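What follows is one structure encoded as structure tokens, with my remarks underneath.
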Amino acid sequence: MLAIIAVFLSVGVAYAEKRVLPIDEFSLLPILSEGRVMPMDSFARHSLYMLSGQEKFDGESAVAWVADTIFNPSEAVNDKVFILPLKDRRVLGLDMQGDGAYSFAQISIALSSTIARFQEIIQKQAEEKDLGEDEKILIKWHNSARYYAQLLRAMSFALPLGLDVPENLRARGAPQRFETFADAQRFTRDIDDMMGQLIAEKGADWDNYTQEDRKLGTLAFQVNALREGGQGENLFKVIPDIWSKSGNWVSPWQIYTAGAGAPQTSSLLIAWQNLAKAYSSENHKLWSDTLLEMQKDLEELGYQNYDAERLQVEKLYNLLQPIKLVLGLFLLSFLAIIGYYSFANIALLRASQTFFSGGLGILGFALLARIYVQARAPVGTLYESLLFVAFAGGVFALMLYSYRRDLSILAAGIFISLFLSGLSFPVSDGPQTMTVLEAVLNTQFWLMTHVICITIGYGWCLLAAAIAHERLFTFSFKDKVNTKTLPPLGRALKLTLVTALLFTAIGTALGGIWADQSWGRFWGWDPKENGALLIVLWIIWLLHGRLSGHINRLFMLAGTAVLSIIVALAWFGVNLLNVGLHSYGFTSGLAGGLFAFIFIELCIITTFVIKILRA
């Protein structure tokens, strides 16, 4: 990494200030990352968040930061883009004072002293041994530094070199100066041959070289250093590989070092060179014209996984950040319904309904946008399932409320949607939430049947649990309400439970069929399916116990309230087993939050039950 810094500093690609160029069209350029083609805007947001935990750098957008990093690397090595918490700084031996912001140059020096330890950790990881917290931190920052190094050299082939060409190389057809590596590329064999002859004749002593010889030596060093660095550059995949049947893309450096290009995509490679030239000279016209030409070339190429409209929708989704707006509306709705419970002001009830309906509408459009961009059902990850259940539970609550006019149903739906949409933020772990599923999971039919059924069942279960909570709360503060005088549970609660049973039972059975078709064992279910079976068994026990008279109204209510814990165990708890094929089968930092939720829920439900029993 220190060698990378030295190369970029020696190239002399430095601009006095940040470039001020229109970035909108640049943000729509496609790039293959995380297994899918996304707009540069999404790639930039993900990259910046991974390095710094921030969505902006130095007041500028993530995509502007990426542009400056790839087109101006000699300045970018000094940008303090790495944000390290105190514990991470201690592990790397960095200064514990200050704001924890470090440049690539600074963090590379710290990491260079840990290379031996890092190699031992990698060997330990290869042997599938458990890693300590400090070891995981060291791996994280070595990987982050390597990622940033690839960004720095992504466009180094097109950045200004300004190297004088010796006369004997000009005699072979070379120009007087190589402005970029791309200019020198077709003469690299000549440079290597001439340098080999020079060393054979005069040795490696610099003092023996003439001025022309030194020009050749300097040229050979810088060209070879850039080429060697570029050989490992496979991050910045912005050019379609038309020979690939799987929709692969390649980086410009892969074209130069591995011959991965094609005549049909040569115009795109030239266009990226022009973008670098326009950025360095701050040529607005060349910049804008090149971006327009690139979009035309991509559309004419008609590559299998390039869709300009999907990229535009994803960029708009990133810009609007609809889930934050949804969360705000759900919060306003919840506060309004609490106000109505407190003051019985009809205006607050209407406001609550309006905010709630608006939030659900925006959430519905957000889910549709995700379906369009990813071309699959929006339930493939834990984050997506939280949003879908928040939407489904809210819609079910509105439907039941319009039919029964029971305020507890509306309040329950608002709380569920607020809680789940809020929970989606810590689960998302950054702005990049549109991920590619594992092959066995990325099956449209089963995502549309099994997973949708299960998540709809989660929605009905949580709605039933929330209604039960509301009624336990209400009954515990009413005079003369005890186990003997407890009012009937109501048709709405029973209907919600039966519907939850229907969807979870069908969804669980479909999961078994999927398992049989995928790996030949109907009962060889993933823990998620066994978790869903817990819900089915719990609801069956409640309904049968109530019908047979073994469970009274109070404990039926309490058991329904406990359904929230059963769902949490099925939805999140099985993740702690660290086995399974679901893409969200491994969730770090989950145990503490889950156990806290279970403890709080048990305390709340027990308190309500004891209060009613003592009435």
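The values are calculated or read from the model by the stated rules, or taken from the named source; none is laboratory data. Note that this is a predicted model, so its numbers are computed, not measured. Positions of Cβ are backbone-derived with ideal geometry, glycine not excepted, and every protein chain shown enters the neighbour counts.
Against the definition (under 24 Å from the mean Cα position of the chain (by Cα), under 20 Å from residue 324 (Cα atoms) and among the aromatic types (Phe, Trp, Tyr)), how does residue 365 come out, yes or no?
yes
Residue-by-condition table, conditions (1) among the small types (Gly, Ala, Ser); (2) modelled with pLDDT of 90 or more; (3) outside the structural domain of residue 61 (by the TED database); (4) farther than 27 Å from residue 44 by Cα:
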| position | (1), (2), (3), (4) |
| --- | --- |
| 78 | no, yes, no, no |
| 85 | no, yes, no, no |
| 95 | no, no, no, yes |
| 104 | no, yes, no, no |
| 117 | no, yes, no, yes |
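Which one of 509, 468, 532 is free of Cβ contacts under 8 Å to residues at least 24 places away in the same chain and small (Gly, Ala, Ser)?
509
List every residue pair whose Cβ atoms sit under 9 Å apart, with the two residues 6 or more apart in sequence or on different chains, where the first one lies in segment 477-497 and is at positive phi and the second, anywhere, is not in a loop (DSSP other than H, G, I, E, B).
Pairs found: 490/404; 490/408; 490/467; 490/471.
With respect to residue 282, is the statement that it is modelled with pLDDT of 95 or more and closer than 27 Å to residue 71 by Cβ true?
Against the criterion (modelled with pLDDT of 95 or more and closer than 27 Å to residue 71 by Cβ), residue 282 does not qualify.
Output the qualifying pairs, or none if there are none: Cβ atoms under 9 angstrom, residues six or more apart or on different chains, first residue in segment 325-339 and touching a residue at least 60 places away in the same chain (Cβ under 8 Å) and at negative phi, second residue surrounded by fewer than 16 Cβ atoms within 10 Å (Cβ to Cβ) and of a type in the set (Phe, Trp, Tyr).
327/425
In this structure, is residue 567 buried (at least 18 other Cβ atoms within 10 Å of the Cβ) and either free of Cβ contacts under 8 Å to residues at least 24 places away in the same chain or in contact with a Pro (Cβ under 9 Å, 6 or more places away or on another chain) (or both)?
no
So which pairs qualify, if the first residue must be in segment 550-562 and over 16 Å from residue 492 (Cα atoms) and modelled with pLDDT of 95 or more, the second must be in a helix (DSSP H, G or I) and among the charged types (D, E, K, R), the Cβ gap must be under 8 Å, and the two must be at least 6 apart or on different chains?
Close Cβ pairs (under 8 Å, with a partner that is in a helix (DSSP H, G or I) and among the charged types (D, E, K, R)) amount to 562/601.
Can you go through 416, 346, 338 and tell me which one is of a type outside the set (Lys, Arg), under 25 Å from residue 565 (Cβ atoms) and more than 31 Å from the chain's Cα centre (by Cα)?
Going through 416, 346, 338 in turn, just one is of a type outside the set (Lys, Arg), under 25 Å from residue 565 (Cβ atoms) and more than 31 Å from the chain's Cα centre (by Cα): 338.
Residues of segment 221-236 being crowded, with 18+ Cβ neighbours inside 10 Å and either in contact with a Lys or Arg (Cβ under 7 Å, 6 or more places away or on another chain) or within 16 Å of residue 162 (Cβ to Cβ) (or both), which ones?
Selection gives 222, 223, 225, 226, 229, 230, 233.
Can you name the residue in segment 248-272 that is free of Cβ contacts under 8 Å to residues at least 60 places away in the same chain and part of a loop (DSSP other than H, G, I, E, B) and, of all such residues, is surrounded by the most Cβ atoms within 10 Å (Cβ to Cβ)?
Applying the filter and picking the extreme gives 260.
Report whether or not residue 99 is at pLDDT below 90, within 23 Å of residue 47 (Cβ to Cβ) and either surrounded by fewer than 14 Cβ atoms within 10 Å (Cβ to Cβ) or among the hydrophobic types (A, V, I, L, M, F, W, C) (or both).
yes
Tally time: how many residues in segment 40-67 are surrounded by fewer than 21 Cβ atoms within 10 Å (Cβ to Cβ) and either of a type in the set (Asp, Glu) or farther than 20 Å from residue 140 by Cβ (or both)?
6
Identify all residues within segment 278-312 that are over 19 Å from residue 37 (Cα atoms) and either among the polar types (S, T, N, Q) or surrounded by 15 or more Cβ atoms within 10 Å (Cβ to Cβ) (or both); write none if there are none.
Those that are over 19 Å from residue 37 (Cα atoms) and either among the polar types (S, T, N, Q) or surrounded by 15 or more Cβ atoms within 10 Å (Cβ to Cβ) (or both): 278, 279, 280, 281, 283, 286, 287, 288, 290, 293.
If I ask for residues that are in a loop (DSSP other than H, G, I, E, B) and either under 14 Å from residue 215 (Cα atoms) or touching a residue at least 12 places away in the same chain (Cβ under 8 Å) (or both), which ones from segment 176-204 would you list?
Correct list: 176, 179, 180.
Suppose we keep only residues that are buried (at least 19 other Cβ atoms within 10 Å of the Cβ) and out of contact with any Lys or Arg (no Cβ under 6 Å at 6 or more places or on another chain) within segment 479-504. Which one would you say is nearest to residue 407 (Cα to Cα)?
493
Going residue by residue through segment 60-80, is there one that turns out to be in contact with a Pro (Cβ under 9 Å, 6 or more places away or on another chain), among the small types (Gly, Ala, Ser) and within 30 Å of residue 29 (Cα to Cα)?
Yes, some residue in segment 60-80 is in contact with a Pro (Cβ under 9 Å, 6 or more places away or on another chain), among the small types (Gly, Ala, Ser) and within 30 Å of residue 29 (Cα to Cα).
A quick yes/no check of all residues on (1) part of a helix (DSSP H, G or I); (2) among the aliphatic types (A, V, I, L, M); (3) closer than 19 Å to residue 228 by Cα:
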site: 99; (1), (2), (3): no, no, no
site: 105; (1), (2), (3): yes, yes, no
site: 121; (1), (2), (3): yes, yes, no
site: 124; (1), (2), (3): yes, no, no
site: 129; (1), (2), (3): no, no, no
site: 137; (1), (2), (3): yes, yes, no
site: 145; (1), (2), (3): yes, yes, yes
site: 149; (1), (2), (3): yes, yes, yes
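Kindly provide the set of residues from segment 135-163 that are surrounded by 14 or more Cβ atoms within 10 Å (Cβ to Cβ) and over 24 Å from the mean Cα position of the chain (by Cα), ordered by number.
Scanning segment 135-163 gives 155, 156, 157, 158, 159, 160, 161, 163.
Taking segment 472-497 only, how many residues are of a type outside the set (Phe, Trp, Tyr), in a helix (DSSP H, G or I) and over 15 Å from residue 397 (Cα atoms)?
3
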